[in-house]
1. Give me the pairs: first residue in segment 251-277 and part of a strand (DSSP E or B) and open to solvent by 80 Å² or more (accessible area, probe 1.4 Å), second residue among the hydroxyl-bearing types (Ser, Thr, Tyr) and at pLDDT 90 or above, beta-carbon distance under 8 Å, and six or more apart or on different chains, which are they?
2. Taking the condition in contact with a Pro (Cβ under 9 Å, 6 or more places away or on another chain), open to solvent by less than 30 Å² (accessible area, probe 1.4 Å), under 30 Å from ILE203 (Cα atoms) and not acidic (Asp, Glu), does LEU316 pass?
3. Can you tell me which residue in segment 324-362 is surrounded by the fewest Cβ atoms within 10 Å (Cβ to Cβ), limited to those that are at pLDDT below 70 and at negative phi?
4. Assuming ARG229 fulfils every condition listed in (1) in a helix (DSSP H, G or I); (2) in contact with a Gly (Cβ under 9 Å, 6 or more places away or on another chain) apart from one, which condition is it?
5. Are any residues in segment 259-297 touching a Lys or Arg at 6+ places or on another chain (Cβ under 8 Å) and either within 30 Å of LEU239 (Cβ to Cβ) or of a type outside the set (Gly, Ala, Ser) (or both), and if so, which ones?
6. Step by step: first the residues of segment 172-230, then only those that are crowded, with 16+ Cβ neighbours inside 10 Å, under 37 Å from the mean Cα position of the chain (by Cα) and small (Gly, Ala, Ser), then the one that is farthest from GLY243 (Cα to Cα). Which residue is that?
7. Return the residues of segment 278-295 that are assigned to a helix (DSSP H, G or I) and surrounded by fewer than 13 Cβ atoms within 10 Å (Cβ to Cβ); say none if nothing qualifies.
8. Looking at (1) open to solvent by less than 50 Å² (accessible area, probe 1.4 Å); (2) in a strand (DSSP E or B); (3) of a type in the set (A, V, I, L, M), which one does VAL248 not meet, given that it meets all the others?
Amino acid sequence: MMRVHLPLERLSVYLDGRTDAAERRHVEAHLEVCAACRGTLAALRRTVALLRQLQAVRAPAGFRAAVRQRLEAEQASPPRGHLPFPGVRLPGGVHWRSALAAAAVLLVALFAANLWPDLVPTRRQAAQEQQGVRRGLPVQAVDSGRGSEGLAQTRRVGIPAVPPRAQVSKVPPLPFERQVVRQAELTVEVTSFEDASASLVRIAEASGGFVADSTTSQGEPPQGTFVLRIPARAFSRTLEQIGALGEVRGRRVSGQDVTEEFVDLQARIRNLERHERQLLTFMERATRMADLLAIEQELSRVRGDIERLGGRLRFLVHRVELAAVEVTLQEKPRRTSGIFWDFTALWRWMQEAFLGTIRQLLAAGERLIVSLSALAPVLVVGLAGRGVIRRYLRRGASAV
């Protein structure tokens, strides 16, 4: 049968004599039958006896005096977070806390009064802004009357912008590069259409361009039309290389100066972008829903104009940077029969003449059918009138 030993805490309480009579009898009865618990209790008695034999440790000299001085110093010092002069008052009986609070309120009031004109626009200024937005007028920066600092923090109002006289009279010319759209059309007669078309593609790729469109006909002789997009810097060199492929039968080179339109588009886009930034500034300052809706509508219109003009400008840039060259390649006709007489060409001419005659006959038959269709109502009316007249004449002859 397994025996349950007493815990060490119960043995320690029993050894100290802090148990009641019932607990003491229970522990003593258990110790009589349990040798392990008796050994544990004996070990506890030896440990207590050893501890009682030790001498008491005394505090070092001056320890008590140092602790007492520190406690007195902490009691004399003010609490953390408070000034060392809580009862000090200013002349006139004003407490220093009240003076600090009044100074703080005065500083806040001065700061708010200084920022109020910039944060909250006046009624007149708001009306001018709204009127300028509705009319779509450019805006002008108005000085706030504070020197260079005021110029840096200008307010925008919706009035027409009038530049100074010095700027109007002395506007330097803007440097620009001539923008020209180059085009060319070439008709070249070559010996081999296949070799010439392959060489044409290589010429376009070597110059940094590409074949934008091509149309070929596998007739006799074969021919085709190629549209090349060539960088403007390689325009003349490419025309010379294409002319070297065969015999040039036709050549047309043209250039369209689009500098004026180019500069005009750039200026209009800059003005619209400036107007858009001004509208965004107005939207940040608007407080009424009607003003916000009007500004948003104007912003949509301005953004649409910017996108449209930007697309036109990109189209012009693409046309200026890449010249268009339209090349028509024609293979020379080959003689296949005879030395002095080309029977193949004669047969082809006979076929064309025969088919031409058939086409003319068919066209004449079509015109005849159309004419009869147009005259059919007239013929019907004429035949009906002829029958009526003949019947009338027969009745008159029988009456006589």
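1. Listed pairs, sorted by first residue: ARG251/THR187.
2. Numbers: in contact with a Pro (Cβ under 9 Å, 6 or more places away or on another chain): no; open to solvent by less than 30 Å² (accessible area, probe 1.4 Å): yes; under 30 Å from ILE203 (Cα atoms): yes; not acidic (Asp, Glu): yes.
Taking the combined requirement at face value, the residue does not satisfy it.
3. First pass over segment 324-362, keeping only residues at pLDDT below 70: 334-342.
In the following step, the residues that additionally are at negative phi were identified as 334-337, 339-342.
Details: ARG334: 10, ARG335: 11, THR336: 9, SER337: 11, ILE339: 6, PHE340: 4, TRP341: 10, ASP342: 16.
It comes out as PHE340.
4. Result: ARG229 passes all but (1).
5. Filtering segment 259-297 down to residues touching a Lys or Arg at 6+ places or on another chain (Cβ under 8 Å) leaves 259, 265, 276, 278, 281-282, 294.
Hits for segment 259-297 are THR259, LEU265, GLU276, GLN278, THR281, PHE282.
6. GLY209
7. Going residue by residue through segment 278-295, those that are assigned to a helix (DSSP H, G or I) are 278-285, 289-295.
Within segment 278-295, LEU280, GLU284, MET289, ALA290, LEU293 meet the criteria.
8. Among (1) open to solvent by less than 50 Å² (accessible area, probe 1.4 Å); (2) in a strand (DSSP E or B); (3) of a type in the set (A, V, I, L, M), the lone unmet condition for VAL248 is (1).
The values are calculated or read from the model by the stated rules, or taken from the named source; none is laboratory data. Not measured: the values here are computed from a predicted model. Positions of Cβ are backbone-derived with ideal geometry, glycine not excepted, and every protein chain shown enters the neighbour counts. Heads up: the accessible areas ignore ligands, DNA and RNA and are worked out on the full protein's heavy atoms, side chains in. Shrake-Rupley method; radii C 1.70, N 1.55, O 1.52, S 1.80 Å.
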